[in-house]
Amino acid sequence: MKKQGFNLYPGSYVRGKWSGHGYIIEKELGSGACGTVFLSRNAKGEKCALKIGSDSSRLMLEVNMLKKFGKVQGVKLGPSFVDVDDWVDPSRQTFPFYVMEYIEGAALRSFLKGKSREWVGICALQLLSDLEHLHRAGYAFGDLKTDNLLMVDSRVRLIDVGGVTQFGRAIKEYTEFYDRGYWGLGSRKADPSYDLFAVSMIMLEMAYPGRFEKGVKPSRTLMNKLTASTLLKPYQKMIIQCWEGKYLHASEMKHSLSLVLMKRTMSPPPSRRKKKQQQGSEKVELVTFSILSVLFLGVSIFSFWI
Amino acid sequence: MKPGRLKQILLLTDGCSNHGEDPIAVAALARNQGVTVNVIGVLDDRQHSKPQGLDEIESIAEAGGGISQIVYQKSLSQTVQMVTRQAMTQTIQGVVNKELQEILGKDQTIEELPLDKRAEVVEVVDDLGETCDLEVLVLVDTSASMNHKLPTVKDALYDLSLSLNARTGSNQFCVYVFPDTKKTIKKMIDWTPELEKIHGIFSKISSGGYTPTGPALKEALYAFTEKPFFHSMQDGVDPYEETGL
């Protein structure tokens with residue numbers, strides 16, 4: 001790709017040529033096709049995320065999206081917009097940049113590590129709720145993938161709104177693994193089910209962290225991977241229906257998913273052994289409590305005596 | 001506002017030209033005729049070092065007002081559609097910049113605009129990219145070393161049509177291969193809105209041992225200008241003119 005050409009290091013100072021607002025670079029958070037995101041601090045010392053690149057049109061389109069979708073119908077979808085400007089570097093070269101809220105969170109995969117498997121479904125459910133709001137406004141998220149998600153306080157958050165596309169238009173940014181066109185399962189026109197497909201692929205990625213390629217028969221590959229995963233067993237039916245294009249709206253897929261999740265929490269009857277263990281632990285607690293009380297009493301009596 | 005029609009040649013090759021006229025000069029001529037030239041260099045997945053002569057790829061695209069990219073086979077699909085879209089945006093931006101300079105004076109480009117104006121102009125450019133009509137002439141190098149890459153090329157072209165046909169604007173594609181012993185280039189698919197029927201198009205190809213990139217580009221340019229297309233005749237000299245704001 002095009003070299004981005006700017007030299008920014010921890011401690012560098014980026015000052016906007018239009019507003020004069022300045023930001024101190026702290027560290028790089030990541031870089032993508034059209035820019036690099038840095039953790040930085042504003043004049044008040046508050047943390048923020050600064051994205052800088054060389055394609056000013058593309059960055060400005062992202063700013064327009066951020067302004068529009070930081071909040072949709074009172075629901076926070078992406079990071080909120082802070083500032084946009086141009087930076088003239090010491091060699092008189094101009095680089096466009098914008099500043100947004102810094103969202104501190106964990107990557108989906110590290111969040112799920114060691115958690116029970118219904119969390120895969122719960123995260124997907126949260127994601128579908130956010131998509132429902134976005135879709136109601138007439139837009140698809142577009143480039144929906146794990147890299148664009150963060151877990152904050154056990155809640156999934158979308159962090160890059162650069163791919164948001166009006167329904168009926170062509171998806172401009174996509175990542176093959178999450179793209180239904182790549183798998184031969186539909187067009188690249190933005191509609192609600194384009195995003196729903198990506199949600200199903202995020203679930204598949206939780207079972208196959210290294211992802212996988214489509215092979216000669218893409219839909220066969222997908223089906224094989226799905227049926228071979230025990231993690232995804234409860235969601236199998238729902239995912240297949242998603243691939244068959246049965247869900248036209250996020251709410252429908254959300255409904256199927258909540259049925260699965262509700263069933264799982266009620267169905268496994270607690271086995272006797274578990275119950276015994278529980279009773280056992282209760283006993284231990286009781287004994288500890290009594291010992292502590294006696295000790296406390298003893299100390300009180302002792303001090304009283306003195 | 002009526003969106004215009006963009007014309008592009010997409011050259012897929014894996015080496016340096018070694019026969020006939022200078023492809024860079026032909027690309028410059030094409031640009032002058034309102035046809036953008038994009039070039040993609042296709043590497044073998046196992047190839048580690050960049051083969052010599054691939055600098056030419058960049059120079060051709062630069063002269064042709066387009067975009068070049070050197071990629072491994074496995075990322076060909078995504079690159080082909082990205083390069084095509086980027087080149088479209090680049091062309092539209094060029095037209096918009098020209099208009100801006102006419103209205104606001106020299107040195108006024110989208111990048112220089114005050115932020116609030118820029119925010120509006122980029123939406124207009126984005127709109128044009130979605131709604132304009134597009135004609136892509138795909139020119140595939142089928143010389144010996146490209147032979148085993150052709151199935152990947154076929155997939156990538158199908159994928160390109162999938163991406164572009166998601167747009168609101170209409171598309172026309174055609175596919176030529178070179179070298180051809182008789183006419184330098186050989187038409188494999190005539191102008192069509194979809195590249196779905198390209199199944200097996202590369203099966204009957206006898207690959208030659210030379211790479212006449214320059215002459216092939218020139219024939220492709222002729223194929224463009226001679227195109228008996230019902231509406232392209234009215235476009236005038238500069239096909240971008242009607243993209244005016």
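Projecting the Cα atoms of A:G70, A:L29, A:G45 onto the dipole axis of segment A:13-101, where Lys and Arg carry +1 and Asp and Glu carry -1 at the beta carbon, places A:G70 farthest toward the positive end. For segment B:1-159, a simple Cβ point-charge model (Lys and Arg +1, Asp and Glu -1, everything else neutral) yields a dipole of about 300 debye relative to the Cα centre.
Peptide B:111-122 has a mean shielding of 5, counted as Cβ atoms of other protein chains within 10 Å of each residue's Cβ.
Set the Förster distance to 41 Å, then compute FRET efficiency between B:E120 and A:N224 from the Cβ-Cβ distance, nearest 0.05. Display every interim value, and only then the final one.
Working: r = 49 Å, r/R0 = 1.20.
Efficiency, from the Cβ-Cβ distance: 0.25.
Taking all protein chains together and rolling a 1.4 Å probe, A:S256 ends up with roughly 30 Å² accessible.
Can you quote the Å³ per residue value for the convex hull of the Cα atoms in segment A:13-101, rounded to an integer?
Working: hull volume 9.0 nm³, N = 89.
Normalising the Cα hull of segment A:13-101 by residue number yields 101 Å³.
Can you show me the helix-derived [θ] at 222 nm for chain B, built from DSSP H runs with n ≥ 4 at -39,500 (n - 2.57) apiece and divided by the number of residues, rounded to the nearest 500.
Details: 6 runs with 93 residues, N = 245.
That calculation yields -12500 deg cm²/dmol at 222 nm.
Shielding of peptide A:161-171 by partners, expressed as the average count of other chain Cβ atoms within 10 Å per residue Cβ, is 3.
Hey, what does the equivalent ellipsoid look like for segment A:108-266, semi-axes from the Cα gyration tensor as sqrt of 5 times each eigenvalue, largest first, whole Å?
On the way: eigenvalues 92, 70, 47 Å².
Those come to 21, 19, 15 Å.
The accessible-area ordering, largest first, of the residues B:D14, B:D44 stands as B:D44, B:D14, per a 1.4 angstrom probe.
Modelled spin-label separation between B:D55 and A:A106, with each label point placed 7 Å from Cα along the Cα-to-Cβ direction: 5.1 nm. Here the relative contact order of chain B, from alpha carbon pairs under 8 Å that lie six or more residues apart, stands at 28 percent. Residue pairs exceeding 25 angstrom between C-alpha atoms, taken from A:K145/A:K246; A:K76/A:K237; A:K51/B:K106; B:K7/B:K106; A:K51/A:K214; A:K214/B:K154: A:K76/A:K237; A:K51/B:K106; B:K7/B:K106; A:K51/A:K214. Accessible surface comparison of A:Y102, A:Y23, probe 1.4 Å, protein chains only, largest first: the order is A:Y102, A:Y23.
If A:S129, A:S19, A:S56 are ordered by their accessible area, calculated over protein heavy atoms with a 1.4 Å probe, which sequence runs from highest to lowest?
Values: A:S129 30, A:S19 60, A:S56 5 Å².
So the residues, ranked largest to smallest area, are A:S19, A:S129, A:S56.
Principal semi-axes of the equivalent ellipsoid, √(5λ) from the alpha carbon gyration tensor of chain B, are 31, 19, 18 Å from largest down.
Three semi-axes describe the equivalent ellipsoid of segment A:57-199; taken as square roots of 5 times the Cα gyration tensor eigenvalues and ordered largest first, they are 26, 20, 15 Å. Under 14 Å of direct C-alpha separation, and excluding same-chain neighbours fewer than eight residues apart, B:K182 reaches these aspartates and glutamates: B:E219. Look at the stretch A:54-60: the mean tally of other chain Cβ atoms within 10 Å of its residues' Cβ atoms is 6. State whether segment B:6-121 is rounded, prolate or oblate according to the following rule on the C-alpha gyration tensor (a ≥ b ≥ c being the square roots of its eigenvalues): a/c under 1.5 gives rounded; otherwise a/b larger than b/c gives prolate, and the remaining case gives oblate. Here segment B:6-121 falls in the prolate category.
The values are calculated or read from the model by the stated rules, or taken from the named source; none is laboratory data. From a predicted model like this one, the values you see are computed outputs, not experimental measurements. Here the Cβ is made from the backbone with ideal geometry for all residues, glycine too, and neighbour counts use every protein chain on show. Accessible surface is based on the protein model in full, side chains and every heavy atom, while ligands, DNA and RNA are left aside. Shrake-Rupley method; radii C 1.70, N 1.55, O 1.52, S 1.80 Å.
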